[in-house]
Amino acid sequence: MIAPLIPLAWEEALGDGVVKDIATLFSAFTKGEVRRCDDPAGRLALDRMTGLLASQIKSPYRFQVTVLDVDMVNALAAPGGRIVIFRKLLTEAKSPDEVAGVLAHEMGHAIFRHPTQAVAQSMGISLVFNVLLGGLGSGASGAAGQALVSSAYSRDAEREADDTALDILSGAQVSARGFAEFFDRIAEMEGDS
């Protein structure tokens, strides 16, 4: 009930704070600064891919993708159309189609506002007060970042994101085979975890 009440500008601001706080959170784990990966050639390729995929859907978000130098095969959507990809996901991907599939899946989560819903469920009434008081008080994005890193979406939410990803990939004329192969390979690597 809370997520639809959050104005887009506040959701984007929350998402920006969440991305920053996720980097801080992983810096604490690794006992070193987690940097953003901003290689110009890689950034250009990722921005082009993001633009192509985003052009296939109607969304209020201006998707922004951040790559963090984290040795983990993962990606997540944050509020406001912000997406975080961890570096190892890019090094483990065997093709651009695999990265496009992951990116489209995270866009699907954003479109359905799954990250905002997860934050709202985790923060509850404190998020309502932050919104009603006209901002995101201190600590709101940090709590939201922790909520997203530790949350798991329902099967229905994952199915919505997958279905949306397939629509996006089809519209962009990107093979869905890479999407399927990547997730199969990751599931095999993770086993039952």
Residue match in region 74-92 (condition: modelled with pLDDT under 95, outside any helix (DSSP H, G or I) and among the acidic types (Asp, Glu)): no
Neighbours by Cβ (under 9 Å, 6+ apart or cross-chain): first from region 84-97, under 13 Å from Val34 (Cα atoms); second open to solvent by less than 60 Å² (accessible area, probe 1.4 Å) and of a type in the set (Gly, Ala, Ser): Val84/Ala23; Val84/Ala75; Val84/Ala77; Val84/Ala78; Ile85/Ala75; Phe86/Ala75
Residue match in region 69-80 (condition: over 17 Å from Val19 (Cα atoms), open to solvent by 30 Å² or more (accessible area, probe 1.4 Å), touching a residue at least 12 places away in the same chain (Cβ under 8 Å) and over 14 Å from the mean Cα position of the chain (by Cα)): no
Where a residue in region 7-30 is without any contact (Cβ under 8 Å) to a residue 24 or more places away in the chain and its partner, wherever it lies, is surrounded by 14 or more Cβ atoms within 10 Å (Cβ to Cβ), with Cβ under 6 Å and at least six apart: Ser27/Val34
Some residue of region 21-32 being open to solvent by less than 60 Å² (accessible area, probe 1.4 Å), under 23 Å from Ile168 (Cα atoms) and in contact with a helix residue (DSSP H, G or I) (Cβ under 7 Å, 6 or more places away or on another chain): no
Filtered residues of region 16-56 (kept if in a loop (DSSP other than H, G, I, E, B) and at pLDDT 95 or above): Ser55, Gln56
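The values are calculated or read from the model by the stated rules, or taken from the named source; none is laboratory data. Not measured: the values here are computed from a predicted model. Note that we place each Cβ from the backbone using ideal geometry, even for glycine, and neighbour counts take in every protein chain shown. All accessible areas refer to the heavy atoms of the entire protein, side chains included, with ligands and DNA or RNA removed. Shrake-Rupley method; radii C 1.70, N 1.55, O 1.52, S 1.80 Å.
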